[in-house]
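Have a look at the structure below before the remarks.
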Amino acid sequence: MPTLDASTSHLLLIDFQARLMPAIHDGDTVTTQAAKLLSAARILDLPRSYTEQNAEKLGGTVANLAPEQGETVLSKMSFDACRNSAVTEDLSGNATLIVAGCEAHVCVLQTVLGLLDRGHRVAVAADATGSRTPANRDAALSRMAAHGAEIVTTEMVLFEWLGTAEHAQFRAIMQLIK
């Protein structure tokens with residue numbers, strides 16, 4: 001089925017880190033969109049995971065996306081998070097990975113390619129993914145799409161997760177969009 005189904009989705013937030021985000025083009029917009037995805041995933045009780053690249057140097061996840069108890073934070077040094085066995089174990093199964101993160105042309109790109117190589121269905125939220133320059137972000141999104149990732153927006157994901165205006169959490173999710 002081509003639409004995203006909440007019952008088979010897993011949100012993966014890649015490297016939204018304190019020392020990195022100030023350098024990201026439109027970083028506030030990128031984190032705001034990622035926060036909408038995260039809030040919706042929490043409301044709908046979907047699995048959620050985070051990666052942090054070299055957290056000792058880049059800091060932890062930014063405050064507005066801070067992991068809550070029970071959410072998995074996976075530390076890594078490789079740009080492709082799939083090179084870390086803890087990540088591949090956490091993301092095992094048939095879930096569709098909804099990916100957002102930074103930097104699009106480094107860790108997001110390499111991780112998405114790694115996930116695709118492992119047979120995962122991957123949807124990248126373009127408006128919740130950033131790089132220091134728009135050219136790097138755009139090239140990364142094009143390359144990910146060329147290799148089979150679906151390029152989506154935050155609102156596409158939210159409405160597909162709901163599926164209907166009769167969903168029990170429709171009003172709660174609509175509050176995220178307004």
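Please pick out the residue among Ala165, Ala135, Ala145 that is part of a helix (DSSP H, G or I), open to solvent by 60 Å² or more (accessible area, probe 1.4 Å) and either hydroxyl-bearing (Ser, Thr, Tyr) or without any contact (Cβ under 8 Å) to a residue 24 or more places away in the chain (or both).
Working: Ala165 fails: part of a helix (DSSP H, G or I); Ala145 fails: open to solvent by 60 Å² or more (accessible area, probe 1.4 Å).
Just a single option satisfies the conditions, and that option is Ala135.
With the condition kept exactly as written, say whether any residue in segment 60-78 is under 12 Å from the mean Cα position of the chain (by Cα), among the basic types (Lys, Arg) and either surrounded by fewer than 22 Cβ atoms within 10 Å (Cβ to Cβ) or more than 19 Å from Val106 (Cα to Cα) (or both). Step through it out loud before you land on a result.
First, pick out the residues of segment 60-78 that are under 12 Å from the mean Cα position of the chain (by Cα): 65.
Within this subset, residues satisfying the condition of being among the basic types (Lys, Arg) are none.
No, every residue in segment 60-78 fails to be under 12 Å from the mean Cα position of the chain (by Cα), among the basic types (Lys, Arg) and either surrounded by fewer than 22 Cβ atoms within 10 Å (Cβ to Cβ) or more than 19 Å from Val106 (Cα to Cα) (or both).
Taking every residue in segment 117-129 that is more than 11 Å from Ser9 (Cα to Cα) and modelled with pLDDT of 95 or more and pairing it with any residue that is among the acidic types (Asp, Glu) and assigned to a loop (DSSP other than H, G, I, E, B), at least 6 positions away or on another chain, yields no pair with a Cβ-Cβ distance below 6 Å.
If the condition is being closer than 30 Å to Phe159 by Cβ, open to solvent by less than 60 Å² (accessible area, probe 1.4 Å) and out of contact with any helix residue (DSSP H, G or I) (no Cβ under 6 Å at 6 or more places or on another chain), then segment 79-97 contributes Asp90, Leu91, Gly93.
The residue of segment 1-30 that is nearest to Leu176 (Cα to Cα), among those that are of a type in the set (Ser, Thr, Tyr) and open to solvent by 10 Å² or more (accessible area, probe 1.4 Å), is Thr29.
Output the residues belonging to segment 104-125 that are small (Gly, Ala, Ser) and part of a helix (DSSP H, G or I). Scanning segment 104-125 gives Ala104, Gly114.
What residue, of Glu150, Glu155, is free of Cβ contacts under 8 Å to residues at least 24 places away in the same chain and open to solvent by 10 Å² or more (accessible area, probe 1.4 Å)?
Glu155
With respect to Gln110, determine if the residue is buried (at least 18 other Cβ atoms within 10 Å of the Cβ), polar (S, T, N, Q) and free of Cβ contacts under 8 Å to residues at least 40 places away in the same chain. It is true that Gln110 is buried (at least 18 other Cβ atoms within 10 Å of the Cβ), polar (S, T, N, Q) and free of Cβ contacts under 8 Å to residues at least 40 places away in the same chain.
For segment 22-58, give me each residue that is closer than 18 Å to Thr153 by Cβ and assigned to a loop (DSSP other than H, G, I, E, B). Within segment 22-58, Ile24, His25, Asp26, Leu44, Leu46 meet the criteria.
The values are calculated or read from the model by the stated rules, or taken from the named source; none is laboratory data. The structure displayed is predicted, hence computed values, not measured ones. When we count neighbours, we look across all protein chains shown, and the Cβ atoms used for this are built from the backbone with ideal geometry, even at glycine. Heavy atoms of the whole protein, side chains included, go into the accessibility calculation; ligands, DNA and RNA do not. Shrake-Rupley method; radii C 1.70, N 1.55, O 1.52, S 1.80 Å.
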